[in-house]
Amino acid sequence: MDKIKVIGFDADDTLWICEPIFRNAEEKICKLLSPWMERESLLKKILDVHVRNMPLYGYGIKGYVLSL
């Protein structure tokens with residue numbers, strides 16, 4: 001233990017496999033809103049809002065859900 005100098009913690013979702021969860025949420029939102037908006041337009045809007053909100057909410061599931 002005396003050789004350990006640093007312990008790092010990953011808190012930005014880089015060690016977790018979150019992408020399938022995000023895509024699954026997008027598909028469900030697309031199905032829910034399909035009567036009012038085409039899938040591709042909605043996916044673009046979701047991405048635009050998420051990117052715009054990153055400075056406010058940060059990256060990760062919390063920011064993603066708040067952006068949805």
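Residue 64 - would you say it is of a type in the set (Ser, Thr, Tyr) and in contact with a Leu (Cβ under 9 Å, 6 or more places away or on another chain)? Reasoning before the result, please.
Numbers: of a type in the set (Ser, Thr, Tyr): yes; in contact with a Leu (Cβ under 9 Å, 6 or more places away or on another chain): no.
So residue 64 fails the test.
What is the number of the single condition among (1) at pLDDT 95 or above; (2) open to solvent by less than 100 Å² (accessible area, probe 1.4 Å) that residue 31 does not meet?
Failing condition for residue 31: (2).
Just a yes or no: is a residue in region 16-26 modelled with pLDDT under 95, loosely packed, with under 14 Cβ neighbours inside 10 Å and among the aliphatic types (A, V, I, L, M)?
So far as region 16-26 goes, yes, one or more of its residues are modelled with pLDDT under 95, loosely packed, with under 14 Cβ neighbours inside 10 Å and among the aliphatic types (A, V, I, L, M).
If residue 59 satisfies all but one of (1) open to solvent by less than 80 Å² (accessible area, probe 1.4 Å); (2) in contact (Cβ under 8 Å) with a residue 24 or more places away in the chain; (3) not in a helix (DSSP H, G or I), what's the number of the condition it fails?
(1)
The values are calculated or read from the model by the stated rules, or taken from the named source; none is laboratory data. Since this is a predicted model, take the numbers as computed values, not measurements. Note: ideal-geometry Cβ built from the backbone for every residue, glycine included; neighbour counts use all protein chains shown. Quick note on the areas: whole protein, heavy atoms, side chains included, nothing else; ligands and nucleic acids left out. Shrake-Rupley method; radii C 1.70, N 1.55, O 1.52, S 1.80 Å.
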